[in-house]
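Bear in mind that the values in this text are calculations on the coordinates, not laboratory data. It should be emphasised that the depicted structure is a prediction, and the values quoted were computed from it without experimental measurement. Cβ placement follows ideal geometry from the backbone for every residue including glycine, while neighbour counts extend to all protein chains displayed.
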Amino acid sequence: MINVLFPSGYKCVVCGAEIKPNVFSVCDTCFKLLPHIAGKVCLTCGEPLFSDANYCLNCKNTKHSFTKCFAPFTFENQIVKLIHNLKYDGKKYLAKPLSNFMFKCFMEQNLKVDLVVPVPLHTSRQKERGFNQAEELCNAFVSHGFNVNTTCVSRVKQTTTQTNLNKVERKENLLGAFKVNSRLDVKGKVVLIVDDVYTTGATFNELASVLVKAGASKVFGLTCAHTMLNKS
Ligand SMILES: [Zn+2]
Ligand SMILES: [Zn+2]
């Protein structure tokens, strides 16, 4: 009976149960268990807030080059697994459902953007991985007819992995990492930068500052997940 109701081969990307096709590719149970960000968030970085403040501790004391970042999930539980599977196990098919979650989150912000720019990888890193996960996470924007530009900026510095670096080290590590190849593409434009995870915001800051210097009028950021650092 179940095989008659549900077309075979269509599975929840979290638990593997057979499901009816849906844009998020998750079953109802897993959907509910995902670490959705809902409620009050930092007006700058999108971190969930548990106080009356409008900004998290990090953003209260730091000036950012981007206007605002947001994400549908916190970087916890199954989302960590899905993003790791996408990035390190080459499970590219996971980008589509994750991208659909990100697109929904973007639409809820009511923003008008001219250009969508995935955070570029250095060519050697991209060669090693075979693809750029940030670019794959833009695919819902491609299907909705957005101007997704993968060539206007490139990563010119091979940075060491950020994982074990603190906030200051991450910032230094990224200095000079990005270069705008085509000022014409970004001049006067509202840009949305897309990446998989927001951690300290160092990547967004560095890329946004390069884009603003090249004439972008405003820069927003969208990630699949936001790492909880402050718990403020
Ligand atoms: Zn499931
Ligand atoms: Zn913040």
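Points worth noting:
- The trypsin sites (Lys or Arg not before Pro) of region 113-211 meeting both criteria, a DSSP state outside H, G, I, E and B (loop) and at most 15 other C-beta atoms within 10 angstrom of the site's C-beta, are Lys157, Lys187.
- Cut-off under 5 Å, modelled amide H: who pairs with Ile193 long-range: Val117, Phe220, Gly221, Leu222
- Relative packing of peptides 194-200, 56-62 - highest average C-beta neighbours within 10 Å first: 194-200, 56-62
- Ordered by the number of other Cβ atoms lying within 10 Å of each residue's own Cβ, fewest first, Glu108, Glu136 fall into the sequence Glu108, Glu136.
- Expressed as a fraction of 2.2 N^0.38 Å, the value expected for a compact globular protein of N residues, the C-alpha radius of gyration of region 5-45 is 1.55.
- Likely footprinting exposure, Met102, Met228, Met107, fewest C-beta neighbours within 10 Å first: Met107, Met228, Met102
- Taking only Cα atoms of region 84-232, radius of gyration then Dmax in Å: 14.7, 40
- Across all C-alpha atoms in region 1-86, the radius of gyration and Dmax reach 17.7, 59 Å.
- Relative counts (whole %) of C-alpha pair distances in region 133-215, using bins that are 10 Å wide: 16, 47, 31, 5
- Mean-position separation - Cα centroids, region 118-132 and region 193-209, in angstrom: 16
- Equivalent ellipsoid semi-axes, region 106-169, via Cα gyration tensor eigenvalues times 5, rooted, Å: 25, 16, 11
- Extents of region 38-138, largest first, come to 44, 28, 26 Å (Cα atoms, principal axes, whole angstrom).
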